[in-house]
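Have a look at the structure below, then the notes.
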Amino acid sequence: MASQPLPTLDLTDLTVRDLTEDCLSTFPYCTQLGCHDHRVLMDNMLESLHLWAQSTAETAAASGSLEQALESRPDDLQNIKSNLFMISVELNSYAMNSTDYEAAKESILTIGRFIESLDMMTRAVIG
């Protein structure tokens, strides 16, 4: 039996700004869910993502947008978009599982890893 190719995620029609705004609009809801320690962590990650969005917008402003700044590096742009998409997925997972301590903790760790990866990746490709 031949293996099927893995489906790919098509984020072509979404901009980094769209994906970022989606995450930033979902985060405040998540900061109200779960135990106190989780709410504090979610609030800190919201601030980290907000700072990333501000610094990225400022850095890319000379080019007009991050998409334009990275038009010669489509793979890097796709990776940034994929990280933002996965943050959104994990935020929704956290919202659904916030009363389950272990599941919420796992979502928090995953969101933190994606934000850290996003920050490092963006610094590497646009300075």
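The values are calculated or read from the model by the stated rules, or taken from the named source; none is laboratory data. The structure presented is a predicted model; accordingly, all values stated were derived computationally and were not measured. Please note: Cβ atoms are built from the backbone with ideal geometry, for glycine as well, and neighbour counts cover all protein chains shown.
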Return yes or no: is L33 part of a helix (DSSP H, G or I) and under 17 Å from Y101 (Cβ atoms)?
-> no
Which residues, counting only those in region 56-66, are modelled with pLDDT under 85 and either loosely packed, with under 14 Cβ neighbours inside 10 Å or under 12 Å from T122 (Cα atoms) (or both)?
-> T59, A60, A61, A62, S63, G64
When (1) surrounded by fewer than 16 Cβ atoms within 10 Å (Cβ to Cβ); (2) in a loop (DSSP other than H, G, I, E, B); (3) in contact (Cβ under 8 Å) with a residue 24 or more places away in the chain are applied to H50, the one that fails is (2)
Do we find that I126 is in contact with a Phe, Trp or Tyr (Cβ under 8 Å, 6 or more places away or on another chain) and either in contact (Cβ under 8 Å) with a residue 60 or more places away in the chain or crowded, with 20+ Cβ neighbours inside 10 Å (or both) in this structure?
-> no
Has region 25-45 got at least one residue that is touching a Leu at 6+ places or on another chain (Cβ under 9 Å) and within 11 Å of L118 (Cβ to Cβ)?
-> no
Any chance R39 is part of a helix (DSSP H, G or I), surrounded by 14 or more Cβ atoms within 10 Å (Cβ to Cβ), free of Cβ contacts under 8 Å to residues at least 24 places away in the same chain and among the basic types (K, R) | yes
Can you name every residue in region 68-105 that is acidic (D, E) and closer than 14 Å to M45 by Cα?
-> E90
Residue in region 72-87 that is of a type in the set (V, I, T), surrounded by fewer than 17 Cβ atoms within 10 Å (Cβ to Cβ) and within 13 Å of the chain's Cα centre (by Cα) present | no
Does E71 satisfy the condition of being among the acidic types (D, E) and part of a helix (DSSP H, G or I)?
-> no
Could you check how many residues of region 96-111 are in contact (Cβ under 8 Å) with a residue 40 or more places away in the chain and buried (at least 17 other Cβ atoms within 10 Å of the Cβ)?
-> 5
